[in-house]
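Just so you know, all these numbers are worked out from the coordinates, no wet-lab data involved. Quantities reported herein were computed from a predicted structural model and do not represent experimental measurements. Cβ atoms come from the backbone with ideal geometry, glycine included; neighbour counts cover every protein chain shown.
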Amino acid sequence: MASQNISIAIHGGAGTILRSTMTPELQLQYEAGLQTALDTGYKILEAGGSSLDAVEAAVVSLEDCILFNAGRGAVFNHIGGHEMDASIMWGKTLEAGGVCGVNHIKNPVKLARTVMQYSGHVLLCGTGAEEFARQHNLDFENDAYFYSEQRYRQWQDALKEDRVLLDHTEKKFGTVGAVALDREGNLAAGTSTGGMTNKKFGRVGDSPIPGAGTYANNNTCAISCTGVGELFIRSVVAYDISCLIDYKGLSLKEACNLVVYDKLVKIGGEGGLIALDKSGNIEMPFNSEGMYRGCRSNSGRNEVLIYPK
């Protein structure tokens, strides 16, 4: 059944730079990066394109923006490399694809979609995922492309203190994501991240795991998460929200609020998410200082936000 509603929401990570250290210039840069991604995805929906295409395009836009911890500008791991994770999910069929621990892939979300469509698998990791990317002619970049002076300084600080950082020292959970609803009533979700600064041992968070950091089901909702990945995995956050709608009959807002402000808080799960249901309702809850986020719909809503309203 065709839907007249089209909606998209995006995020660039929760636990933003504190207001006290955010300059007006930097805030404008973040807002411009978010608006560009939002508009990129929305134009596809407006032209009758699929939510899957819109999500991929919006996430690619955020991966290409050096301000966000995904793709270009991804954080450094313990040995000075960039290990990236991403996933994408299609609500119409429940198909999903993900990659984790990949190096030099320009747009990990494109690889995640390629995994979904052509591999026969759901999740590929490391060098195997990179070999799959080569076979499908995806773009690779050298270390210089991913380099950001700010991320380098964060890594050096973390090395000195031998600690793992969730992006900014003010606990910014650096992940990007998008959810969308197209004219056909199909939902999709995608998430991409560079993970934690100074991460060791091939650590993987929730972003590439369907059901944890990303989920889409036409019958319920589409979700993309950002936060303390370990706790989002343990809580299966994205799927939990879908289940609360499906099994308990909660609204999108009720389900999101229960998970973000109650269940996660009880176990120290700081972060947030963007959510969209089959009617086009949008929720963007977070229990951190802020969350880089934005949404746009054909009902006239078009906003980009960083801090609580």
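Here is how the numbers come out for the structure above:
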| item | result |
| --- | --- |
| Selected from CYS65, CYS295, CYS243 as most flexible by GNM, with the chain as the system and alpha-carbon contacts under 10 Å | CYS243 |
| For the chain, built as a Gaussian network whose Cα springs stay under 10 Å, the top-fluctuating residue of ASN298, ASN103, ASN218 | ASN298 |
| Dipole magnitude (debye, nearest 20) for the chain, charges at Cβ of Lys, Arg, Asp, Glu | 380 debye |
| Per-pair calculated FRET efficiency, R0 = 35 Å: VAL265 and ALA32 via Cβ, rounded to 0.05 | 0.65 |
| Share antiparallel - DSSP beta bridges, the chain, percent rounded to 5 | 95 percent |
| Signed unit charges on C-beta, dipole axis of the chain, positive-most listed residue TYR239, GLN154, PHE140 | TYR239 |
| Average projection area in nm² (convex hull over Cα atoms of the chain, one quarter of hull surface) | 14.7 nm² |
| Computed over the range 48-170: relative contact order in percent, which uses C-alpha pairs under 8 Å that are six or more apart | 23 percent |
| The chain: most fluctuating residue of GLY177, GLY202, GLY280 per GNM, C-alpha cutoff 10 Å | GLY202 |
| Between the range 98-117 and the range 171-233, the Cα center-to-center distance that results, in Å | 13 Å |
| Residues of type lysines that LYS160 reaches as a straight line, Cα spacing below 18 Å, ignoring anything fewer than 8 places off in the same chain | LYS171, LYS199, LYS200 |
| Theoretical ellipticity at 222 nm over the chain - DSSP helices of four or more residues, -39500 (n - 2.57) apiece, nearest 500 | -10000 deg cm²/dmol |
| Cross-link reach list, aspartates and glutamates versus LYS253, counting only Cα pairs under 14 Å and skipping chain neighbours closer than eight places | ASP240, ASP262, ASP277, GLU283 |
| Sequence-separation-based contact order of the chain, relative, with Cα cut under 8 Å and 6+ spacing, percent | 26 percent |
